[in-house]
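The values are calculated or read from the model by the stated rules, or taken from the named source; none is laboratory data. The model shown is predicted, which means the values in this text are computed figures rather than measured ones. Cβ sites come from the backbone with ideal geometry, for glycine too, and all protein chains shown count toward neighbours. Note: areas computed on protein heavy atoms with side chains; ligands, DNA, RNA excluded. Shrake-Rupley method; radii C 1.70, N 1.55, O 1.52, S 1.80 Å.
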Amino acid sequence: MALENEPEYTLSGILKSTDYGLDIFNSDEISAIQLFDKKGKPYLRDFIDAKERPAKPEEIVRQLFVYRLIHTYQYPTNRIAIEKGVYFGSNIADKRADIIVYEKDHPDTVYIIVEVKKPKRRDGLEQLKSYCNAEGAPIAVWTNGSEVVILHREDPNFYRSISDLPTAHQTLTQIINRQVTIEELSEKNKLVVERLSLRDVIKDLENLVLANAGVDQFEEVFKLIYAKLYDEAQAKRRKKHLVEFLASGHTKQELYDKINGLFHAARDKWKGVFLPGENIDLSPDHLAVCVSFLEDIKLFNSNLQVIDEAFEYLVTQVYKGSKGQYFTPRHVIDMCVKMLNPKWEEYMIDTAAGSCGFTVHTIFHVWGGEMTSDGPTKDQAEYASEMVYGLDFDARSVKVAKALNLIAGDGRTNVYRSNTLDPRNWGDEVRVALKDRLRRFDAHADDVWNQKNFRYFDFDVLMTNPPFAGDITDTKILYQYQLSKKWRGIDIEALTDPKEQEKQALKIMQKRYEEAGSWYSKQSRDVLFIERNLEFLKPGGRMAIVLPQGRFNNISDAHVRSWISERARILAVVGLHVNTFKPHTGTKTSVLFLQKWNEDRKSGHYCPQVEDYPIFFATSEKSGKDNSGEYLCKIGDDGRAMLDDHGHLVIDHDLTEIADAFVGFARDQKFSFWPEV
């Protein structure tokens, strides 16, 4: 206890607002550190030599790890050194290793090197590798107290991740040649224990091996994830529930054959993503490193979010940024799904599907539960494979989307590559798949025309985040859309007086398009998606679409807002925080929720056109991300990032509260899709 007037110090207080943490340490280890005041500054005692040391963040983490080496791994203090100089060639460099453990029978030979000075994962691993290469140490550890990476150095160029350190009474071989059950994998899942994301692990692989492997990183990581998902799904069907996706106990060629075999089995079970003859293209050496980093991670979590985040990182960087299309944060998707409340009997589509976050989360919402490695029930698989559709033009996004929907649908999916805006050029695959979803018309000529042109559909629910950037200039596409036509009267964009602009805009809002009007030479993608999406909905169908904020308040977009209000009821507008889509873009966006007018009382979702009605408005003040686009997690009383019941990090946002408020509003308004309790 601190004396009177003596400052009280806490470990969490010292580590606050630093890159260090306490997540990997247990309460016994944390309580072993005793802080005391010395000349107005916090100090602690070294567990090796009892020396008084300033309690800086890196020193706290170092002493905690030293305590673990002594008490958990049972290394005697005479085998542990602090601040040991590292030999580079024949000379000791100025740089010093934070912790060194020597071999039992060769007290001058370095066995383990631990690095804590560099709290950033990439910097720390680079520093650690240089030390191990110089000393020839077979085991390397980096930690910042929040995360830990343990590597086995096979030669200067290849480092395998290993699950744990050997104790003083174990050999390295015993750790490497282990067997693991699916239950043990779930219990020790590094993503949960260390509060990591799969994206962090992939970055490690990029730094250590993929950047120099001479392969397509996206394709090879995708194959490994596919193989590992299959392995986890099959584990409970095996004797002792053992997983096979392990780097241990094999030569590199044997390991390649085993993992490639798992990939083949996954490819054959979940068909349509990879070609029949495809193999893993990583060399056996590079594959061994990759498997070692992935083996301690459980991918089959309850909503496939782990995988989705990884592909967001891989796909977005290379393919999506230039098109203005970005993967939608999962808490935004969950808000939209909850507000529109899709049902078992309703058909749903995402017309700019990306990795199909909207479709996958719709599936889980309707199931009333989430995904397990046991796979879906028969009813769940039928819903996922028959009622949910996705379209996207980007080949790699479609590949990811197909994979996620195949897994949810137990081998069947309705995700297709096509240009949503140009149905005239759709291929036979998407035409055959969507033919039964075409709307039928009483007038024979109208019905024949629609069956030929694939223009109007009868989907109940549509949720999408279309691309913003880039205008459509192809006249063959523009001429298919009313929103490509110019309005009669004055071109308000040519007016310079804001008051006159507003006056003319209000007049124009009352007019309809001319039947034979002139056309704009270009139109924004998202504007055309608004019109196209309403064509996909049946009368009474409902929609959520992410749009740039300007569509809601620009005077020049008044005609777009008028066009929408003539065709649908505006249910809600939710303004998203400017950080929502960072780091990919800082564009301010909102989500528009609509229900298509429907005068048929006998239909399931009667929505008669009215002139005046209430609209739900909300603005998000907590985006779940910081200014750099990194996710912000809720912190528990123990100072650690909070996890939900499924082991997912809990993102700190307010969209759940907004969705809950809308549900109350919808019930008060007696919306058919949110009946009263």
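A compact table of results
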{"item": "Qualifying trypsin sites (Lys or Arg not before Pro) for the stretch 573-677 [loop in DSSP, other Cβ within 10 Å: at most 16]", "result": "588, 601, 602, 622, 634, 640, 670"}
{"item": "For mean projected area of the Cα convex hull in nm², calculated from these coordinates, the label among [x] 32.1; [y] 37.4; [z] 29.7", "result": "[y]"}
{"item": "Principal semi-axes in Å for the stretch 201-316 [√(5λ), Cα gyration tensor, largest first]", "result": "20, 17, 15"}
{"item": "Loop GluC sites (Glu not before Pro), the stretch 570-667 (other Cβ atoms within 10 Å of the site Cβ: 15 or fewer; DSSP)", "result": "599, 611, 621, 630"}
{"item": "Integer Hz, Karplus 6.51/-1.76/1.60 couplings in order for the stretch 214-224, x for Gly and Pro", "result": "x, 10, 6, 4, 4, 4, 6, 5, 4, 4, 5"}
{"item": "Neighbourhood charge, 12 Å Cβ-Cβ cut-off, centred on residue 189 and excluding it, Lys, Arg +1 and Asp, Glu -1", "result": "-3"}
{"item": "Accessible surface ranking that places the most exposed of 248, 31 first, with a 1.4 angstrom probe", "result": "31, 248"}
{"item": "Residues whose placed amide H lies under 5 Å from that of residue 486, excluding near-sequence neighbours", "result": "518, 519, 520"}
{"item": "Residue 18 paired with residue 251, simple spin-label distance in nm, labels 7 Å along Cα-to-beta-carbon", "result": "4.8"}
{"item": "Residue 168-residue 611 pseudo-label distance in nm [points 7 Å out on the Cα-to-Cβ vector]", "result": "8.8"}
{"item": "Residue order for 585, 619, 251 - accessible surface, 1.4 angstrom probe, largest first", "result": "619, 251, 585"}
{"item": "Over the chain: helical MRE at 222 nm, DSSP H runs n ≥ 4 each giving -39500 (n - 2.57), nearest 500", "result": "-10500 deg cm²/dmol"}
{"item": "Counting all C-alpha pairs of the stretch 568-677, share separated by more than 16 Å (%)", "result": "69"}
{"item": "Only Lys, Arg (+1) and Asp, Glu (-1) charged, at Cβ; the chain dipole about Cα centre in debye", "result": "1300"}
{"item": "Quotient of Cα Rg and 2.2 N^0.38 Å for the stretch 139-288, N being how many residues it contains", "result": "1.06"}
{"item": "Dipole axis of the chain (+1 Lys, Arg; -1 Asp, Glu on Cβ), positive-most option in 453, 263, 233", "result": "453"}
{"item": "Partner aspartates and glutamates for residue 378 [C-alpha distance under 18 Å; skip if fewer than 8 residues away on the same chain]", "result": "345, 346, 370, 386, 410"}
{"item": "Kirkwood Rh and Cα Rg combined as Rg over Rh, evaluated for the stretch 206-247", "result": "1.13"}
{"item": "Cut-off 14 Å between beta-carbons: net charge of the residues surrounding residue 145, Lys and Arg +1, Asp and Glu -1", "result": "0"}
{"item": "Spatially proximal aspartates and glutamates relative to residue 129 (Cα-Cα < 14 Å; intrachain offsets below 8 disregarded)", "result": "98, 115, 154, 155, 204"}
{"item": "Dipole axis of the chain (+1 Lys, Arg; -1 Asp, Glu on Cβ), positive-most option in 222, 97, 617", "result": "617"}
{"item": "Members of 223/338; 56/228; 188/588; 236/402 lying beyond 29 Å, as alpha-carbon distances in this model show", "result": "223/338; 56/228; 188/588"}
{"item": "J(HN,Hα) series, the stretch 623-628, from Karplus relation 6.51 cos²θ - 1.76 cosθ + 1.60, nearest Hz, glycine and proline x", "result": "7, x, 9, 8, 5, 8"}
{"item": "Which listed pairs, of 41/84; 51/95; 39/622; 117/203; 269/596, have C-alpha distances above 30 Å, in listed order", "result": "39/622; 269/596"}
{"item": "Within the stretch 434-473, backbone nitrogen closer than 15 Å to the virtual label 7 Å beyond the Cα of residue 422 toward Cβ", "result": "471-473"}
{"item": "Amide H within-cut-off set for residue 456, under 5 Å, with H built and near neighbours excluded", "result": "439"}
{"item": "Residue 615 accessible area, assembled protein chains, probe 1.4 Å, Å²", "result": "50"}
{"item": "Under-5 Å amide H pairs with residue 115, H placed in peptide plane, nonlocal only", "result": "141, 142, 143"}
{"item": "Net charge, residue 548 excluded, C-beta distance under 11 Å - Lys, Arg +1, Asp, Glu -1", "result": "+1"}
{"item": "The stretch 582-677 - charge dipole about Cα centre, Lys and Arg +1 at Cβ, Asp and Glu -1, debye rounded to 20", "result": "380"}
{"item": "Share of carbon and sulfur in the accessible heavy-atom surface of the chain [1.4 Å probe, %]", "result": "48"}
{"item": "Under the Karplus curve 6.51 cos²θ - 1.76 cosθ + 1.60, θ = phi - 60°, whole-Hz ³J(HN,Hα) for the stretch 540-549, x wherever Gly or Pro sits", "result": "x, x, 10, 9, 10, 9, 7, 9, x, 4"}
{"item": "Exposure ranking of 159, 456 by accessible area [1.4 Å probe, largest first]", "result": "456, 159"}
{"item": "For the stretch 402-451: Kirkwood Rh in Å [reciprocal of mean 1/r, alpha carbons]", "result": "12.7"}
